[in-house]
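Remarks on the structure that follows.
Computed from the coordinates by the stated procedures, all read-outs in this text should not be read as laboratory data. Here the structure is a predicted model, which means the values were calculated and not measured. Reconstructed Cβ throughout: ideal geometry from the backbone, glycine too, with neighbour counts over all protein chains shown.
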Amino acid sequence: MKVLKLTLNQKKVVFFCLSIFIVIYLFIELSGLKSVFAQYAPVIQGTTANVSVSGFLEYINVTYYPVNFTGGGVGRNPGIIVQKYPQTYLIIDMTDNTNIAWDAYMSASDLIPVNGVGTPISPIRMTVWSDCDGGVQLPATTLNYNLIKLCEDIGFNRNFNLYFNLSIPVGQYNNTYYGNLTIYVNSSDASPGEGSNRTWYGPDNTTVKIIQHIEFWWNAATTPIDFATLTPGIGFTSPSANATGPSAGFPANMTVGDNTNIYTDIYIKGTDLFGLSGMALGTFNITIGIPPSPGNLTYSNATSSATWPSTIKFVNYTYQAPGPTYQGDFTNWHHVPNYTDVPSFWNISIPTLAKQGSYGGDVTAKAVDESTAP
Amino acid sequence: MNQQRLKILVSMVLVSICLVSTVNALGLGPLSLDVTIEKGKETDLIEYIGVLNPETKPIHVTATITGSIAEFVTVDPQEFDMPAGPGIGTGLPRPSQDVKVIFKMPREISENRYTGEIVFTQQPVEGGVLGTAVQLGVKVNLNIGKMATAEMPIYITGLTVVLIIFLIASIVVSIMRRYHE
């Protein structure tokens, strides 16, 4: 192995060179000349890449559909306002590749009855509203066949809840109804062409089941049914009186209301009259005439006091035996022949030896599904 | 003759009759509930009845249960007030009250059919003697069916069949061996 040996002069030269190098290095570092030299240093340069990402709407995502107004029970009554059930709202958002804010619209069709029995329910019976989740919130509005804007500028990664009400028409026929729902989304930031708008179709996605309903109204009078003051009868010649005139419970109109969606029968019954003063007056029967033993209180569907039939004073005159389409009378219940707008007259006969005093009692009217027992 | 006249005069005391009445109205649905519950199963079942007020004044409604269902059925609320409605013929929505019908069936109830009615009676909210009332009712048919039989999973059935086949086969084989010996 050879060892490089330097002479003394050579060592001095090396030492000198190193010293010079160190001095120059320190000078450059400390004087800031490094940055001056740096600008003259060769640089490796690349080309600039300009990328433009277009606005895009991917797909509409809807959760918690259909819009079911039927509720948790057997169905809904007509003539009321109901909410979507069981969840009260839809959630609407856009899938992940959507990168721009969007506007939301909605339209709806009629709700059509199954088998065509009943009239369609118009979409204007449906009200929708939303908080629009930070977007521009529009007022609650009724739906229509045409698209109606619900929200503006929903963030691309946001979703919003949509709440529904249905005002079921008064008297709507009992049936199940189905309708269609359409959600439309677009954006002014989207590039033209595919991805600038999206549509979600929900066939049969609005539904409601309407149940049988009876609405019954008895405008007996705003004043008592009053027979004034009578004297007890003697033997078989009981005095009687008609309750006629506006201060005596006339007329008493029994009406099946317009929210009723089935055919009905009306029945009436009475209780015994009892002493109002608390005295031991006893009671006497006003049961409205169970054939063949008519009671004291009688009823007629005469149309005016002038036509009050002097020979027809007991309900049993209008009694009809049960038949294929007519239920007839029941124990304690008397059928009212016409099921709507029946002016009622009341006649009472006082039994013999009735004690002096004031008496009161109840008359109850009941409406039932046609041909069923009251 | 005079005594007869006296009797007549004595008996002719005054009697006044008054049937207090006001406007009465009520709406109701459904009109029937048909419920079937399995025998041998302690069950709490809930249905709903909607009561509506079409009248232009507040009303007070009470519910009563009649018939053999009364033992098992309760309603909540049993008595309630309702705000004024829009009036009949207006075509406007009515205020409504959902009444909860609770069927509470004990396990030991016998197989049978129970019937009855939940009757709703409207009365004026204001006090006084009630002369007229309007009633509407919901017919209830409650059927207690046969006890439910649990279905065995298919794999248990299959395993049982295989075991039976093995058992029969082993018996046959053992008999044949003895026969050959």
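General remarks:
- Inter-label distance, nm, simple model (7 Å from Cα along the C-beta direction), A:D131/A:V53: 2.8 nm
- Listed by chain and number, the aspartates and glutamates placed with their C-alpha closer than 14 angstrom to that of B:K139 are A:D369, A:E370, B:D34, B:E47, B:E117; residues fewer than eight positions away on the same chain are left out.
- About its Cα centre, the dipole of the range A:119-193 is roughly 300 debye, where the only charges are +1 on Lys and Arg Cβ and -1 on Asp and Glu Cβ.
- Whole-percent pair-distance distribution, where bins are 10 Å wide, for the alpha carbons of the range B:26-145: 13, 41, 27, 14, 5, 0
- Each label was represented as a point 7 Å from its Cα along the Cα-to-Cβ direction; for B:M176 and B:T74 these points are 6.9 nm apart.
- Amide H contacts of B:Y48 (H built 1.01 Å from N, in plane; Pro and chain starts excluded): A:V74, B:V101 sit under 5 Å, all sequence-distant by 5 or more or on other chains.
- In this label model, A:Q10 and A:V117 are separated by 12.2 nm, measuring between points 7 Å along each Cα→Cβ vector.
- When +1 charges are put on Lys and Arg Cβ atoms and -1 charges on Asp and Glu Cβ atoms, the dipole computed for the range B:30-83 relative to its Cα centre reaches about 120 debye.
- Think of the range A:51-149 as having a plus end and a minus end, set by charges on the Cβ of Lys, Arg, Asp and Glu; of A:G79, A:I148, A:V53, A:G79 sits farthest toward the positive end of this dipole.
- Per-residue Karplus couplings for the range A:207-212, computed as 6.51 cos²θ - 1.76 cosθ + 1.60 with θ equal to phi - 60°, are listed in order as 8, 8, 10, 9, 9, 5 Hz, Gly and Pro entered as x.
- Mean partner shielding of peptide B:27-39, defined as the number of other chain Cβ atoms within 10 Å of each residue Cβ, is 5.
- The fraction of all Cα pairs in the range A:90-136 landing in successive 10 Å bins from 0 to the largest distance is 17, 37, 24, 17, 5, given as whole percents.
- Cα-only Debye scattering, the range A:60-209: base-10 log of I(q)/I(0) at q = 0.09, 0.12 Å⁻¹: -0.29, -0.50
- Cross-link pairs exceeding 32 Å between alpha carbons, from the set A:K269/B:K100; A:K366/B:K41; A:K209/A:K269; A:K84/B:K39: A:K366/B:K41; A:K209/A:K269; A:K84/B:K39.
- Length released on extending from A:E194 to A:A373, taking residue separation times 0.36 nm less the Cα-Cα span: 58.0 nm
- Pairs of C-alpha atoms in the range A:103-172 farther apart than 15 Å represent 57 percent of all such pairs.
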